[in-house]
1. Would you mind classifying region 355-448 by shape? Square roots of the alpha carbon gyration tensor eigenvalues, ordered a ≥ b ≥ c; an a/c under 1.5 is rounded, otherwise it is prolate if a/b is larger than b/c and oblate if not.
2. Using alpha carbons only, how many degrees (0 to 90, rounded to 10) separate the axis of helix 121-136 from the longest principal axis of the chain?
3. Counting alpha carbon pairs within less than 8 Å and at least 6 residues apart, what relative contact order, in whole percent, applies to region 1-51?
4. Evaluate E = 1/(1 + (r/R0)^6) for Lys378 and Arg257, where r is the Cβ-Cβ distance and R0 equals 45 Å; express this FRET efficiency to the nearest 0.05.
5. Taking the 0 to 90 degree range and rounding to the nearest ten, how far is the long axis of helix 389-400 tilted relative to the main principal axis of the chain, both from C-alpha atoms?
6. Work out from phi, with θ = phi - 60° and the Karplus expression 6.51 cos²θ - 1.76 cosθ + 1.60, the ³J(HN,Hα) of each residue of region 47-53, listed in order in whole Hz, and give x for Gly and Pro.
7. Please give the calculated 222 nm ellipticity per residue for the chain, where each DSSP H segment of at least 4 residues contributes -39500 (n - 2.57) and the sum is spread over every residue; nearest 500 deg cm²/dmol?
8. Using Cβ counts within 10 Å as a stand-in for footprinting exposure, how do Lys118, Lys63 rank, fewest first?
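Coordinate-derived values only; no laboratory data. Note that the structure is a prediction, hence the values are computed from the model and not measured. So basically every Cβ, Gly included, is an ideal-geometry build from the backbone, and we count neighbours across all protein chains shown.
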Amino acid sequence: MSNNTDRIIIFDTTLRDGEQSPGATLNIEEKLTIAKQLARLGVDVIEAGFAFASPGDFGAICKIAEIVGTENGPIICSLARARHDDIKAAAKAIAPAAKGRIHTFLATSDIHLEYKLKKTRSEVLAIAEEMVAYAKTFTNDIEFSPEDAGRSDPEFLYEVLEKVIAAGATTVNIPDTVGYTTPSEFGGLIKGIKENVPNINKAIISVHGHDDLGLAVANFLEAAKNGARQMECTINGIGERAGNAALEELVMALHVRRQYFNPFFGRPVDSEAPLTNIDTHQIYKTSRLVSNLTGMLVQPNKAIVGANAFAHESGIHQDGVLKNKLTYEIMDAQLIGLTENQIVLGKHSGRNAFRSRLKELGYELSDTELNKAFVRFKEVADKKKEISDWDLEAIVNDEIQQAPDLFRLELVQVSCGDRSRPTATVTLRTPAGEELTDAAIGTGPVDAIYKAINRVTNVPNQLIEYSVQSVTAGIDAIGEVTIRLRHEDRVFSGRAANTDIIVASAQAYVNALNRLYGAMQGERQHAQMVGTRE
Ligand SMILES: [Zn+2]
């Protein structure tokens with residue numbers, strides 16, 4: 001990739017920065033499913049994780065590199081601190097990809113140097129140079145981020161960038177780590193870098209930013225006007241704290257307003273050529289997939305992908321839209337793949353119809369997964385005559401999301417009503433293969449179920465969020481339950497769909513507990529692994 005690119009390179013960090021959102025933890029299968037969809041969406045780079053952080057992260061990057069990182073697929077990237085062992089782990093994880101990138105970072109602001117790194121400027125300069133050169137021994141494609149660039153002394157920042165580019169960095173990423181900068185300041189920062197780093201033409205300027213003040217997308221667009229050509233973003237804007245710049249907002253702003261942005265890319269004003277490689281028709285589907293698998297719900301008024309983004313409720317608007325769509329709509333819902341929610345299958349639909357519709361929706365299941373999902377489909381079709389695309393997505397996501405062989409819900413039964421005390425009985429299969437049954441009384445049926453499950457599993461946790469949404473309209477709709485629970489300082493989410501919301505509630509809770517339990521086990525293993533190395 002040369003620096004003279006006249007478009008924006010989309011670097012998706014949903015699986016790395018996005019996964020750092022509290023409770024958004026994903027397992028390897030879920031990460032792979034999202035990575036495949038990101039490839040269909042057309043992102044240029046997938047930051048698949050932080051290889052050194054945990055064996056789970058390492059394994060997920062390897063698998064994505066192997067399966068999604070094909071010759072025509074996206075570049076697969078791992079994050080690494082500027083340390084030998086980190087960089088080595090990243091190099092190993094991305095090795096199976098046709099195109100792999102190592103993204104290493106080191107803080108450059110005085111406040112980080114003094115309190116976090118306890119190093120002088122010249123020490124930091126030397127480390128950055130050495131580590132980029134070391135990473136370069138594994139792959140040509142190296143990205144370097146000066147952490148907290150926005151609060152760094154510009155002169156020192158220019159010097160660091162010049163040195164890392166000379167050492168082989170092909171992308172330099174300017175992060176607004178704390179989400180503090182305003183658009184004109186951020187544009188100015190990029191402009192300063194273009195003007196003051198002598199070898200800047202040998203690298204792509206990238207931007208990374210957080211939405212603490214709701215300015216991430218605006219900052220990026222201003223950066224693009226000043227020469228930034230790569231944007232680090234996430235689906236639905238998920239990520240640490242207030243999240244990252246939202247991919248769908250950036251892409252659609254560059255698309256809808258391309259006449260405004262064209263001149264900044266050296267193009268004629270009326271050029272129709274897209275400014276990114278994204279297939280916008282895949283946006284809505286990707287948004288739903290990420291929301292379903294991370295348990296991070298999309299607010300209804302969210303730009304582009306929110307449920308109300310294309311709904312024109314007010315009478316005046318409706319009238320205008322009916323007369324001419326362009327009166328109140330600046331873009332067509334079709335453009336993001338928001339098609340009518342079609343009724344596609346029914347009770348008599350066969351396995352082939354099921355498989356091919358799923359394929360059209362972007363899901364490729366193994367034979368075992370397909371069999372399991374098909375059984376669920378038949379169960380649902382028995383209760384609900386018409387099955388829409390959204391129902392299908394709910395069924396499949398539910399099947400993919402099952403954590404393997406931890407606690408398994410075998411039975412749930414409740415008794416409730418205005419004259420009785422809500423009572424629940426549950427049977428679970430434990431990770432050891434034992435079948436345990438217990439019962440509890442609660443303030444309501446869901447509370448009773450959760451108490452009974454807690455009696456069996458004995459994993460301490462606190463329920464912090466519970467929500468039910470219907471996937472489609474109508475009294476026979478599939479209900480989707482999303483819950484979040486806290487264990488010590490970590491949050492885990494669980495999701496399940498069923499025509500019976502009581503069953504979905506129990507399953508969502510078990511799914512979240514399985515993640516918690518899996519993470520506790522993973523940490524134990526990692527502690528052992530680190531222990532043997534040091
Ligand atoms: Zn970040």
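1. oblate
2. 70
3. Averaging sequence separation for qualifying contacts and normalising by length gives 56 percent for region 1-51.
4. 0.45
5. Tilt relative to the chain: about 90 degrees.
6. Running phi through 6.51 cos²θ - 1.76 cosθ + 1.60 with θ = phi - 60° gives 7, 8, x, 10, 3, 6, 4 Hz.
7. Counting only the DSSP helices, I get -12500 deg cm²/dmol.
8. So the residues, fewest neighbours to most, are Lys118, Lys63.
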